[in-house]
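> My structure is below; once you've seen it, I'll send some questions.
The values are calculated or read from the model by the stated rules, or taken from the named source; none is laboratory data. All of these numbers come straight from a predicted model, not from anything done at the bench. Here Cβ is always computed from backbone atoms with ideal geometry, including for glycine, and neighbour counts include all displayed protein chains. Note: areas computed on protein heavy atoms with side chains; ligands, DNA, RNA excluded. Shrake-Rupley method; radii C 1.70, N 1.55, O 1.52, S 1.80 Å.
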Protein chains: 2
Amino acid sequence: MDSCKMEAVLRILSTVFLVLTAFLVGLDTETKLIFHAFPRKATFKDLNALYVLVWIASAAAVYNLIQLFRSYIQTGFMKDLTASYRCLAWGIYLLDQAATYLIFAANTAAAQGSILAVTGEKSFQWMKLCNTYTRFCHQIGGALLCGYIAAILMIITSSISAYALFRLYSPKQFLLLKGK
Amino acid sequence: MDSCKMEAVLRILSTVFLVLTAFLVGLDTETKLIFHAFPRKATFKDLNALYVLVWIASAAAVYNLIQLFRSYIQTGFMKDLTASYRCLAWGIYLLDQAATYLIFAANTAAAQGSILAVTGEKSFQWMKLCNTYTRFCHQIGGALLCGYIAAILMIITSSISAYALFRLYSPKQFLLLKGK
């Protein structure tokens, strides 16, 4: 399997897991009666970090689809070591790095917020919430798992784009091109 | 400037900022009187994410120093394209990636916890804390800034180790070595 096919498979899988994350978080609701009288509905909008995660996961899924389309139209031409190919490789590398760190950060922030909702923070008098909204919290847990799988797939993808870029350079001298 | 010198400078700077982060968080305390009578001391141990950040920042600083020592004794020999050099390059690349994502995650989790301490979360009845412990929160803010600078420096360092590894491979065929 060459690096292009591997990249395509990884991007498709990332997209699937990112969409799954966005849907699992976005569609998660649970209604409970407070003091057996007042209904209170928990949604992802209760915690800012979850709200941000839905948007960033959706954006990252779209980004991966665009990159997939780019690699599809790119196959067949530009497979040489021209300057434009090099520019493209730098662009893909930097965008992949940015997207990967962004989705990793969004996931980690949501995970930290969720951990606080599970454990509470006694010294701050922040109460636990997941003993009330148990099903809601389990679904968020599943979503975060999907999010981390997507993040790991994107880390591998960005390694492949690093490989695609840096193999163009000479092993002997710093940032000297191989063709020279 | 060649990649070795650049790497050394980046690792020294990362270490400085990581140590700064650990000290700023670890030594941050503020005592306030609650209801004008009961003294209450805020420390980094109040929030788990800050506690974890101190340890991970310290560990990452030690890791960077070890890598600095490694690159110092490595200069002069092993500068060729042998199999052992390649193994070393893979090892450094993978360790750098792991360390970078770890410090980035620790920082982001601490930032998310701190944002909740600044804004509170009305829907969860989690109260704001930074209007009480203002000086404490400002110091944490400075520490997180240093932490993110260190994370960015480590991202650049891990790009250099990706460059050092992947330039060994052929630009034509997937994972074929240049020497062959």
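> What Cys residues in chain A are without a partner cysteine, judged by a Cβ distance under 4.7 Å?
A:CYS4, A:CYS87, A:CYS146
> Accessible area of chain A with a 1.4 Å probe: how many percent of it is carbon plus sulfur?
Of all accessible area on chain A, carbon and sulfur atoms account for 72 percent.
> Can you tell me the accessible area per residue over the protein assembly as shown, all protein chains present, probe 1.4 angstrom, in square angstrom?
On a per-residue basis, the protein assembly as shown sits at 51 Å².
> Let me know the number of lysine pairs in segment B:3-166 closer than 27 Å at the Cα, not counting same-chain pairs under 8 apart.
Summing the qualifying lysine pairs gives 9.
> For chain A, compute Rh as the Kirkwood radius over C-alpha pairs and then the Stokes-Einstein diffusion coefficient at 37 °C and 0.692 mPa s; write the answer in µm²/s, rounded to an integer. Could the numbers behind the result be given before it?
Values: Rh = 18.4 Å.
So the translational diffusion coefficient is about 178 µm²/s.
> Another question, if that's okay. Compare the peptides B:10-20, A:119-129, B:40-50, A:100-110 by average per-residue count of other Cβ atoms within 10 angstrom and give them in order, highest first.
Listed from highest to lowest mean packing, they are A:100-110, B:10-20, B:40-50, A:119-129.
> Below 8 Å, C-alpha to C-alpha, sequence gap of six or more: please give me the relative contact order for chain A in percent.
Computed value for chain A: 32 percent relative contact order.
> Also, quick follow-up: Accessible area drop of at least 50 Å² (1.4 Å probe, protein heavy atoms): which residues of segment A:147-172 qualify, relative to the chain alone?
Hits at the 50 Å² cut-off: A:TYR163, A:PHE166, A:ARG167, A:PRO171.
> Give the A-B buried accessible area in Å², both sides summed, 1.4 Å probe, nearest 100.
Heavy-atom accessible area buried at this interface is about 4000 Å².
> Return the residues of segment A:34-62 for which accessible area with all protein chains present is lower than in the chain on its own by 50 Å² or more; set the probe to 1.4 Å and exclude ligands, DNA and RNA.
A:ASP46, A:LEU47
> I would also like to ask the following. Residues of segment A:47-69 with backbone nitrogen within less than 15 Å of a virtual label 7 Å along the Cα-to-Cβ line of B:VAL118, please, listed as ranges.
A:48-49
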